[in-house]
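Report on one structure; see the data block that follows.
The values are calculated or read from the model by the stated rules, or taken from the named source; none is laboratory data. The model shown is predicted, which means the values in this text are computed figures rather than measured ones. Neighbour counts run over all protein chains shown; Cβ positions are idealised from the backbone, glycine included. Each accessible area value is taken on the protein alone, full model and side chains, heavy atoms only, with ligands, DNA and RNA left out. Shrake-Rupley method; radii C 1.70, N 1.55, O 1.52, S 1.80 Å.
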Amino acid sequence: MTTLNTGISKAVIVAGGRGTRFLPATLAIPKEILPILDRPVLFYALEEAANSGLTDIVLISAPGKAVMENFVTLRVADLERALGDHPSGPEVRRLMDALTVTIVHQEQPLGLGHAILQAADAVGDEPFAVILPDDIVDAPEPVLAQMIRAHSQFPGIHIGVEHVPPETVSAYGIVAIEPAVNEQQSTEQDGIFRVTGMVEKPAPSDAPSDLGIVGRYILPGAIFDAIRRTPPGARNEIQITDAMEILRAEGTPAYALAFDGIRYDAGNPLGHLRAAAAFALSRPDMADAARTILKDALS
Ligand code: G1P
(Lines give C-alpha, C1' and ligand atoms only; values in the text may rest on other atoms or scores of the structure.)
Protein backbone atom coordinates (compact mmCIF):
# COMPACT_ATOMS: atom_id res chain seq x y z
CA MET A 1 0.00 0.00 0.00
CA THR A 2 1.32 3.44 -0.93
CA THR A 3 1.84 5.76 2.01
CA LEU A 4 2.46 9.43 1.27
CA ASN A 5 1.15 9.86 -2.22
CA THR A 6 3.08 12.82 -3.47
CA GLY A 7 4.43 10.13 -5.82
CA ILE A 8 1.37 10.16 -8.09
CA SER A 9 2.68 9.88 -11.63
CA LYS A 10 -0.25 8.79 -13.81
CA ALA A 11 -3.16 10.75 -15.24
CA VAL A 12 -6.07 9.20 -17.06
CA ILE A 13 -7.46 11.63 -19.62
CA VAL A 14 -10.96 10.60 -20.59
CA ALA A 15 -11.54 11.39 -24.25
CA GLY A 16 -13.78 8.59 -25.47
CA GLY A 17 -16.97 10.66 -25.75
CA ARG A 18 -18.76 11.21 -29.04
CA GLY A 19 -19.09 14.97 -28.70
CA THR A 20 -22.79 15.24 -29.52
CA ARG A 21 -22.89 18.81 -28.22
CA PHE A 22 -20.46 19.71 -30.98
CA LEU A 23 -22.26 18.09 -33.91
CA PRO A 24 -21.90 18.48 -36.85
CA ALA A 25 -18.20 19.39 -36.29
CA THR A 26 -17.60 16.10 -34.47
CA LEU A 27 -18.67 14.11 -37.55
CA ALA A 28 -15.21 14.99 -38.84
CA ILE A 29 -13.04 15.84 -35.85
CA PRO A 30 -12.95 14.78 -32.20
CA LYS A 31 -14.04 17.59 -29.88
CA GLU A 32 -10.75 17.24 -27.99
CA ILE A 33 -8.90 18.43 -31.09
CA LEU A 34 -11.06 21.50 -31.71
CA PRO A 35 -8.72 24.39 -30.98
CA ILE A 36 -9.23 27.09 -28.41
CA LEU A 37 -7.30 29.78 -30.24
CA ASP A 38 -4.30 27.82 -31.58
CA ARG A 39 -4.22 24.96 -29.07
CA PRO A 40 -6.42 21.85 -29.18
CA VAL A 41 -8.61 21.36 -26.11
CA LEU A 42 -6.56 18.25 -25.29
CA PHE A 43 -3.38 20.32 -25.18
CA TYR A 44 -4.62 22.16 -22.07
CA ALA A 45 -5.13 18.83 -20.27
CA LEU A 46 -1.66 17.58 -21.27
CA GLU A 47 -0.17 20.86 -20.11
CA GLU A 48 -1.93 20.69 -16.75
CA ALA A 49 -0.72 17.12 -16.21
CA ALA A 50 2.89 17.97 -17.08
CA ASN A 51 2.84 21.14 -15.00
CA SER A 52 1.51 19.12 -12.05
CA GLY A 53 4.53 16.83 -12.22
CA LEU A 54 2.71 13.88 -13.81
CA THR A 55 4.63 11.84 -16.36
CA ASP A 56 2.41 9.01 -17.61
CA ILE A 57 -0.79 9.68 -19.49
CA VAL A 58 -3.39 7.04 -20.17
CA LEU A 59 -5.60 8.45 -22.89
CA ILE A 60 -9.03 6.85 -23.11
CA SER A 61 -9.95 7.10 -26.76
CA ALA A 62 -12.66 5.47 -28.84
CA PRO A 63 -13.00 4.01 -32.32
CA GLY A 64 -12.98 6.78 -34.94
CA LYS A 65 -10.73 9.16 -32.99
CA ALA A 66 -7.47 8.46 -34.83
CA VAL A 67 -6.92 12.18 -35.44
CA MET A 68 -6.68 12.72 -31.69
CA GLU A 69 -4.44 9.69 -31.21
CA ASN A 70 -2.09 10.95 -33.90
CA PHE A 71 -1.76 14.24 -32.07
CA VAL A 72 -0.43 12.64 -28.87
CA THR A 73 1.84 10.17 -30.62
CA LEU A 74 3.74 12.70 -32.74
CA ARG A 75 7.36 11.64 -32.90
CA VAL A 76 10.20 13.99 -32.21
CA ALA A 77 11.26 13.92 -35.86
CA ASP A 78 7.76 14.85 -37.01
CA LEU A 79 7.60 17.62 -34.44
CA GLU A 80 10.91 19.08 -35.59
CA ARG A 81 9.78 18.99 -39.21
CA ALA A 82 6.38 20.50 -38.54
CA LEU A 83 7.29 23.11 -35.94
CA GLY A 84 10.63 24.33 -37.26
CA ASP A 85 11.30 27.53 -35.38
CA HIS A 86 7.64 28.35 -34.78
CA PRO A 87 7.25 30.23 -31.45
CA SER A 88 5.15 27.40 -29.98
CA GLY A 89 8.02 24.93 -30.62
CA PRO A 90 9.74 24.96 -27.23
CA GLU A 91 6.43 24.63 -25.37
CA VAL A 92 5.19 21.75 -27.52
CA ARG A 93 8.51 19.91 -27.39
CA ARG A 94 8.70 20.33 -23.60
CA LEU A 95 5.24 18.84 -23.23
CA MET A 96 5.85 15.90 -25.54
CA ASP A 97 9.20 15.23 -23.81
CA ALA A 98 7.66 15.32 -20.33
CA LEU A 99 4.86 12.88 -21.03
CA THR A 100 4.59 9.24 -22.07
CA VAL A 101 1.18 8.45 -23.52
CA THR A 102 -0.57 5.08 -23.56
CA ILE A 103 -3.78 4.88 -25.57
CA VAL A 104 -6.64 2.64 -24.49
CA HIS A 105 -9.98 2.30 -26.26
CA GLN A 106 -13.43 2.43 -24.77
CA GLU A 107 -15.24 0.33 -27.34
CA GLN A 108 -18.75 1.24 -26.19
CA PRO A 109 -20.05 4.46 -24.62
CA LEU A 110 -21.25 2.95 -21.34
CA GLY A 111 -20.44 5.89 -19.06
CA LEU A 112 -17.59 7.75 -17.39
CA GLY A 113 -16.99 5.02 -14.80
CA HIS A 114 -16.76 2.44 -17.57
CA ALA A 115 -14.36 4.69 -19.50
CA ILE A 116 -12.05 5.00 -16.48
CA LEU A 117 -12.20 1.21 -15.94
CA GLN A 118 -10.51 0.76 -19.32
CA ALA A 119 -7.35 2.22 -17.72
CA ALA A 120 -7.17 -0.49 -15.02
CA ASP A 121 -4.29 -2.48 -16.55
CA ALA A 122 -2.31 0.60 -17.49
CA VAL A 123 -2.70 2.17 -14.04
CA GLY A 124 -2.39 -0.81 -11.69
CA ASP A 125 -2.87 -0.41 -7.93
CA GLU A 126 -1.50 3.05 -7.32
CA PRO A 127 -3.44 6.29 -6.78
CA PHE A 128 -3.84 8.22 -10.03
CA ALA A 129 -5.29 11.44 -11.38
CA VAL A 130 -8.21 11.80 -13.79
CA ILE A 131 -8.77 14.72 -16.13
CA LEU A 132 -11.94 15.35 -18.12
CA PRO A 133 -10.49 17.61 -20.82
CA ASP A 134 -13.79 19.45 -21.47
CA ASP A 135 -13.21 21.16 -18.14
CA ILE A 136 -10.34 23.58 -18.66
CA VAL A 137 -9.23 25.42 -15.56
CA ASP A 138 -7.25 28.62 -15.69
CA ALA A 139 -5.44 28.60 -12.35
CA PRO A 140 -2.43 30.24 -10.72
CA GLU A 141 -1.28 26.73 -9.75
CA PRO A 142 -2.55 23.79 -11.88
CA VAL A 143 -5.63 22.26 -10.26
CA LEU A 144 -4.11 18.79 -10.22
CA ALA A 145 -1.04 20.14 -8.44
CA GLN A 146 -3.36 21.68 -5.82
CA MET A 147 -5.17 18.36 -5.48
CA ILE A 148 -2.00 16.25 -5.28
CA ARG A 149 -0.84 18.48 -2.44
CA ALA A 150 -4.16 18.04 -0.62
CA HIS A 151 -3.95 14.29 -1.22
CA SER A 152 -0.51 14.06 0.37
CA GLN A 153 -2.03 15.68 3.48
CA PHE A 154 -5.24 13.63 3.42
CA PRO A 155 -4.92 10.30 1.57
CA GLY A 156 -8.16 9.11 -0.01
CA ILE A 157 -10.45 10.10 -2.86
CA HIS A 158 -10.09 13.74 -3.96
CA ILE A 159 -12.56 15.57 -6.16
CA GLY A 160 -12.36 19.07 -7.61
CA VAL A 161 -15.56 21.02 -6.89
CA GLU A 162 -17.04 24.45 -7.45
CA HIS A 163 -20.31 26.15 -6.61
CA VAL A 164 -22.71 25.77 -9.53
CA PRO A 165 -25.99 27.61 -10.15
CA PRO A 166 -28.74 25.66 -8.31
CA GLU A 167 -30.80 25.22 -11.49
CA THR A 168 -27.87 23.38 -13.13
CA VAL A 169 -27.17 20.75 -10.44
CA SER A 170 -28.69 17.97 -12.55
CA ALA A 171 -25.81 18.34 -15.02
CA TYR A 172 -23.22 17.44 -12.38
CA GLY A 173 -22.16 15.04 -9.71
CA ILE A 174 -23.01 16.85 -6.46
CA VAL A 175 -21.26 16.32 -3.13
CA ALA A 176 -22.51 16.65 0.41
CA ILE A 177 -19.84 17.94 2.78
CA GLU A 178 -19.39 17.99 6.51
CA PRO A 179 -19.81 21.34 8.20
CA ALA A 180 -16.65 22.78 9.74
CA VAL A 181 -16.09 21.41 13.22
CA ASN A 182 -12.92 21.69 15.28
CA GLU A 183 -10.40 19.36 13.62
CA GLN A 184 -11.92 20.00 10.20
CA GLN A 185 -11.44 23.73 10.62
CA SER A 186 -7.93 23.89 9.24
CA THR A 187 -8.80 21.76 6.22
CA GLU A 188 -11.82 23.88 5.42
CA GLN A 189 -9.65 26.96 5.52
CA ASP A 190 -7.60 25.42 2.73
CA GLY A 191 -10.77 24.77 0.72
CA ILE A 192 -10.61 21.03 1.51
CA PHE A 193 -13.89 19.51 2.71
CA ARG A 194 -14.68 16.02 3.95
CA VAL A 195 -17.30 14.47 1.67
CA THR A 196 -20.25 12.74 3.34
CA GLY A 197 -22.10 11.71 0.19
CA MET A 198 -22.16 12.05 -3.58
CA VAL A 199 -24.96 11.82 -6.09
CA GLU A 200 -24.77 11.94 -9.89
CA LYS A 201 -27.10 14.34 -11.72
CA PRO A 202 -29.66 14.85 -8.93
CA ALA A 203 -32.94 16.67 -9.44
CA PRO A 204 -32.57 20.15 -7.91
CA SER A 205 -34.89 19.11 -5.07
CA ASP A 206 -32.63 16.14 -4.20
CA ALA A 207 -29.27 17.91 -4.45
CA PRO A 208 -27.42 17.83 -1.12
CA SER A 209 -25.57 21.09 -1.91
CA ASP A 210 -24.59 23.33 -4.81
CA LEU A 211 -21.04 21.93 -4.95
CA GLY A 212 -20.62 20.39 -8.38
CA ILE A 213 -17.87 17.97 -9.32
CA VAL A 214 -15.64 19.32 -12.06
CA GLY A 215 -13.51 17.05 -14.15
CA ARG A 216 -10.55 16.47 -11.81
CA TYR A 217 -10.16 13.47 -9.54
CA ILE A 218 -7.50 11.61 -7.59
CA LEU A 219 -8.57 8.03 -7.15
CA PRO A 220 -7.10 5.01 -5.37
CA GLY A 221 -6.37 1.84 -7.36
CA ALA A 222 -9.28 0.24 -5.50
CA ILE A 223 -11.66 2.32 -7.63
CA PHE A 224 -11.41 -0.22 -10.46
CA ASP A 225 -12.89 -2.97 -8.34
CA ALA A 226 -15.57 -0.53 -7.15
CA ILE A 227 -16.44 0.36 -10.76
CA ARG A 228 -16.85 -3.35 -11.55
CA ARG A 229 -19.38 -3.48 -8.70
CA THR A 230 -21.25 -0.35 -9.81
CA PRO A 231 -24.63 -0.86 -11.48
CA PRO A 232 -25.78 1.55 -14.22
CA GLY A 233 -27.03 4.81 -12.69
CA ALA A 234 -27.96 8.21 -14.13
CA ARG A 235 -28.64 8.01 -17.90
CA ASN A 236 -28.35 4.25 -17.48
CA GLU A 237 -24.56 4.63 -17.55
CA ILE A 238 -21.86 3.37 -15.19
CA GLN A 239 -21.00 6.52 -13.27
CA ILE A 240 -17.68 7.26 -11.55
CA THR A 241 -19.61 9.23 -8.91
CA ASP A 242 -21.49 6.06 -7.93
CA ALA A 243 -18.26 4.03 -7.78
CA MET A 244 -16.60 6.67 -5.57
CA GLU A 245 -19.66 6.64 -3.33
CA ILE A 246 -19.36 2.85 -2.94
CA LEU A 247 -15.73 3.20 -1.81
CA ARG A 248 -16.57 6.11 0.48
CA ALA A 249 -19.43 4.20 2.12
CA GLU A 250 -17.03 1.30 2.65
CA GLY A 251 -14.62 3.54 4.56
CA THR A 252 -12.28 5.24 2.07
CA PRO A 253 -12.15 8.91 3.09
CA ALA A 254 -13.27 11.31 0.38
CA TYR A 255 -12.42 15.00 0.10
CA ALA A 256 -13.62 17.83 -2.09
CA LEU A 257 -11.26 20.66 -3.01
CA ALA A 258 -12.80 24.02 -3.84
CA PHE A 259 -9.77 24.79 -6.00
CA ASP A 260 -8.32 28.15 -6.84
CA GLY A 261 -9.04 28.84 -10.52
CA ILE A 262 -11.69 29.56 -13.14
CA ARG A 263 -13.30 26.65 -14.95
CA TYR A 264 -14.41 26.75 -18.57
CA ASP A 265 -16.70 24.09 -20.01
CA ALA A 266 -15.15 23.64 -23.44
CA GLY A 267 -17.50 20.75 -24.22
CA ASN A 268 -20.14 22.98 -25.78
CA PRO A 269 -19.89 25.79 -28.36
CA LEU A 270 -20.64 28.72 -26.06
CA GLY A 271 -18.39 27.48 -23.26
CA HIS A 272 -15.72 27.13 -25.91
CA LEU A 273 -16.29 30.71 -27.02
CA ARG A 274 -16.05 31.94 -23.43
CA ALA A 275 -12.75 30.12 -22.95
CA ALA A 276 -11.36 31.44 -26.24
CA ALA A 277 -12.30 35.04 -25.36
CA ALA A 278 -10.82 34.81 -21.87
CA PHE A 279 -7.60 33.16 -23.01
CA ALA A 280 -7.11 35.61 -25.87
CA LEU A 281 -7.53 38.51 -23.45
CA SER A 282 -4.90 37.04 -21.13
CA ARG A 283 -2.28 36.27 -23.79
CA PRO A 284 0.30 39.01 -24.26
CA ASP A 285 0.56 38.24 -27.98
CA MET A 286 -3.19 38.56 -28.51
CA ALA A 287 -4.72 40.73 -25.80
CA ASP A 288 -4.85 44.07 -27.62
CA ALA A 289 -6.22 42.69 -30.87
CA ALA A 290 -8.68 40.47 -28.99
CA ARG A 291 -10.05 43.45 -27.04
CA THR A 292 -10.67 45.33 -30.29
CA ILE A 293 -12.32 42.34 -31.94
CA LEU A 294 -14.60 41.68 -28.96
CA LYS A 295 -15.60 45.35 -28.67
CA ASP A 296 -16.39 45.46 -32.40
CA ALA A 297 -18.48 42.32 -32.14
CA LEU A 298 -20.50 43.87 -29.31
CA SER A 299 -21.15 47.18 -31.03
C1 G1P B 1 -19.28 14.20 -15.75
C2 G1P B 1 -19.43 13.58 -14.36
C3 G1P B 1 -20.07 14.57 -13.40
C4 G1P B 1 -19.25 15.85 -13.38
C5 G1P B 1 -19.07 16.40 -14.80
C6 G1P B 1 -18.09 17.57 -14.79
O7 G1P B 1 -20.58 14.42 -16.28
O8 G1P B 1 -20.24 12.41 -14.46
O9 G1P B 1 -20.12 14.03 -12.11
O10 G1P B 1 -19.90 16.80 -12.55
O11 G1P B 1 -18.54 15.41 -15.69
O12 G1P B 1 -17.88 18.11 -16.05
P13 G1P B 1 -20.84 14.69 -17.86
O14 G1P B 1 -20.47 16.14 -18.10
O15 G1P B 1 -19.98 13.74 -18.60
O16 G1P B 1 -22.31 14.44 -18.04
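Among the residues of region 140-170, those identified as open to solvent by 30 Å² or more (accessible area, probe 1.4 Å) and of a type outside the set (Ser, Thr, Tyr) are 140, 141, 142, 149, 153, 154, 155, 162, 163, 165, 166, 167.
Checking each residue in region 285-295 for being open to solvent by 100 Å² or more (accessible area, probe 1.4 Å) and at pLDDT 95 or above picks out 288, 291, 293, 295. Being within 17 Å of the chain's Cα centre (by Cα) and modelled with pLDDT under 95 is a description that applies to residue 150. Taken together, the residues in region 249-273 that are within 23 Å of residue 221 (Cα to Cα), surrounded by fewer than 19 Cβ atoms within 10 Å (Cβ to Cβ) and either within 16 Å of the ligand (Cβ to nearest atom) or not charged (D, E, K, R) (or both) amount to 4. In the condition set (1) more than 15 Å from the ligand (Cβ to nearest atom); (2) surrounded by 15 or more Cβ atoms within 10 Å (Cβ to Cβ); (3) closer than 18 Å to residue 171 by Cβ, residue 205 is compliant with all but (2). Looking only at residues in region 241-266 that are of a type in the set (Gly, Ala, Ser) and touching a strand residue (DSSP E or B) at 6+ places or on another chain (Cβ under 8 Å), the one that is nearest to residue 296 (Cα to Cα) is 266. Among residues of region 165-179 that are under 17 Å from residue 239 (Cβ atoms) and within 10 Å of the ligand (Cβ to nearest atom), those with a Cβ under 6 angstrom from a residue that is open to solvent by 40 Å² or more (accessible area, probe 1.4 Å) and part of a strand (DSSP E or B), sequence gap 6+ or separate chain, pair up as 174/199. Residues in region 89-123 that are exposed (fewer than 12 other Cβ atoms within 10 Å of the Cβ) and more than 29 Å from residue 172 (Cβ to Cβ) were compared, and the one that is farthest from the ligand (Cβ to nearest atom) is 90.
Can you say whether residue 157 is aliphatic (A, V, I, L, M), within 16 Å of the ligand (Cβ to nearest atom) and within 21 Å of residue 257 (Cβ to Cβ), as far as the supplied structure shows?
Values: aliphatic (A, V, I, L, M): yes; within 16 Å of the ligand (Cβ to nearest atom): yes; within 21 Å of residue 257 (Cβ to Cβ): yes.
When the stated conditions are applied, residue 157 passes them.
For residue 232, the conditions (1) surrounded by fewer than 19 Cβ atoms within 10 Å (Cβ to Cβ); (2) outside any loop (DSSP other than H, G, I, E, B) all hold with the exception of (2).
Checking the condition among the small types (Gly, Ala, Ser) and touching a His at 6+ places or on another chain (Cβ under 7 Å), which residue from 45, 62, 28, 82 passes? When all the criteria are applied, what remains is 62. Look at region 214-231: where a residue is small (Gly, Ala, Ser) and a partner is assigned to a strand (DSSP E or B), sitting 6+ places away or on another chain with Cβ atoms under 8 Å, you get 215/14; 215/130; 215/131; 215/135; 215/160; 221/128.
On the given criteria, is residue 278 within 30 Å of residue 34 (Cβ to Cβ), surrounded by fewer than 17 Cβ atoms within 10 Å (Cβ to Cβ) and out of contact with any Ser or Thr (no Cβ under 9 Å at 6 or more places or on another chain)? It is true that residue 278 is within 30 Å of residue 34 (Cβ to Cβ), surrounded by fewer than 17 Cβ atoms within 10 Å (Cβ to Cβ) and out of contact with any Ser or Thr (no Cβ under 9 Å at 6 or more places or on another chain). For region 45-76, taking the residues that are in contact with a Pro (Cβ under 7 Å, 6 or more places away or on another chain) and part of a helix (DSSP H, G or I), the one that is surrounded by the fewest Cβ atoms within 10 Å (Cβ to Cβ) is identified as 67. Only residues that are in a helix (DSSP H, G or I), farther than 24 Å from residue 107 by Cβ and in contact with a helix residue (DSSP H, G or I) (Cβ under 8 Å, 6 or more places away or on another chain) were counted in region 11-44, giving 1. Residues in region 189-202 that are modelled with pLDDT under 95 and surrounded by fewer than 18 Cβ atoms within 10 Å (Cβ to Cβ): 189, 190, 191. Please verify whether residue 129 is among the small types (Gly, Ala, Ser) and modelled with pLDDT of 95 or more, treating the condition exactly as stated. In short, yes. Of all residue pairs spaced 6 or more apart or on separate chains, those with beta-carbon atoms under 8 Å, a first member in region 195-212 that is under 18 Å from residue 236 (Cβ atoms) and among the hydrophobic types (A, V, I, L, M, F, W, C) and a second member that is away from the ligand (no atom under 13 Å from the Cβ) and not in a strand (DSSP E or B) are 199/206; 199/208.
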